[in-house]
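Below: the structure, in structure tokens.
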Amino acid sequence: MRFFESEEELQEKLRDFITAHKSRLGLVSLEAPLISNLPVWSNIALIRQYHQNMSWHEAKITIDRLLHRMGMDSIAEKRNPSLTKEERFYAMLLRAAMVRDAVVVLDKPFSILTNLRDGHFLMHILHKVDDLIAEAHIFDYSWAKERYGVTADAED
């Protein structure tokens, strides 16, 4: 977890991190929304179809299995506007995890999951995909430390 005092500092460090990990980056951020006119499964599958030349049929099967594993079968055909915040987050995280050897970055996840009081849900969902990703990093403000269970005095 990386915590920052200001939006400017967070954005600068995030840009640097993205540049350093560009080929393996999977970004979960309001700045990288799902494509509104595509169903969830297709939003997730696009990464593998584009980067690994996976066929439509193989991609659909792969994503259906992942959604089932996550307990999210019901969102496969939904489009972004009809998703709950949690469903949208699941979809965005799975999309990020589709990058080969993914370095997943959660950019201010509480801005996506505005109803969460703490980071338990985040840690739970990251655990569900830990076999799909190489690394996970959270970028957030220093005043959010306690929501993640990090004391304000703890070192970044």
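The values are calculated or read from the model by the stated rules, or taken from the named source; none is laboratory data. Given the structure is predicted, the values throughout are model-derived calculations rather than measurements. Reconstructed Cβ throughout: ideal geometry from the backbone, glycine too, with neighbour counts over all protein chains shown. Remember, those area values only see protein heavy atoms, side chains included, never the ligands or the DNA or RNA. Shrake-Rupley method; radii C 1.70, N 1.55, O 1.52, S 1.80 Å.
Mind pulling the angle between the C-alpha long axis of helix 56-69 and the longest principal axis of the chain? Nearest 10 degrees, somewhere in 0 to 90. Once rounded, the angle reads 50 degrees.
Probe of 1.4 angstrom, ligands and nucleic acids ignored: what's the accessible area per residue over the chain, in square angstrom? All intermediate terms of the calculation are to be shown ahead of the outcome.
On the way: 8550 Å² over 156 residues.
Result: 55 Å² per residue.
Applying a threshold of 23 Å to the alpha-carbon distances of LYS13/LYS145; LYS22/LYS108; LYS85/LYS108; LYS13/LYS85 flags LYS13/LYS85 as lying beyond it.
For the chain, the residue among ILE133, MET123, HIS68 whose Cα projects farthest onto the positive side of the dipole built from Cβ charges is HIS68.
Stokes-Einstein diffusion for the range 22-82 at 37 °C, viscosity 0.692 mPa s, with a Kirkwood radius from C-alpha pairs, works out to 268 µm²/s. Per-peptide packing, taken as the mean over residues of other Cβ atoms within 10 Å, places 113-119, 95-101 in the sequence 95-101, 113-119 from highest down. Once the C-beta distance of ALA32 and SER74 is scaled by a Förster radius of 22 Å, the resulting FRET efficiency is 0.40 to the nearest 0.05.
Stokes-Einstein diffusion of the range 2-148 at 20 °C, 1.002 mPa s viscosity, Kirkwood radius from Cα pairs, rounded to a whole number: 137 µm²/s.
Once the Cα atoms are used to define both axes, helix 40-51 deviates from the longest principal axis of the chain by about 90 degrees. Using a probe radius of 1.4 angstrom, the carbon and sulfur fraction of the accessible surface of the range 73-151 is 51%.
What residues have an amide H closer than 5 Å to that of HIS137, excluding those fewer than 5 places away on the same chain, when H is modeled at 1.01 Å from N in the peptide plane? Long-range HN contacts for HIS137: VAL104, VAL105, LEU106.
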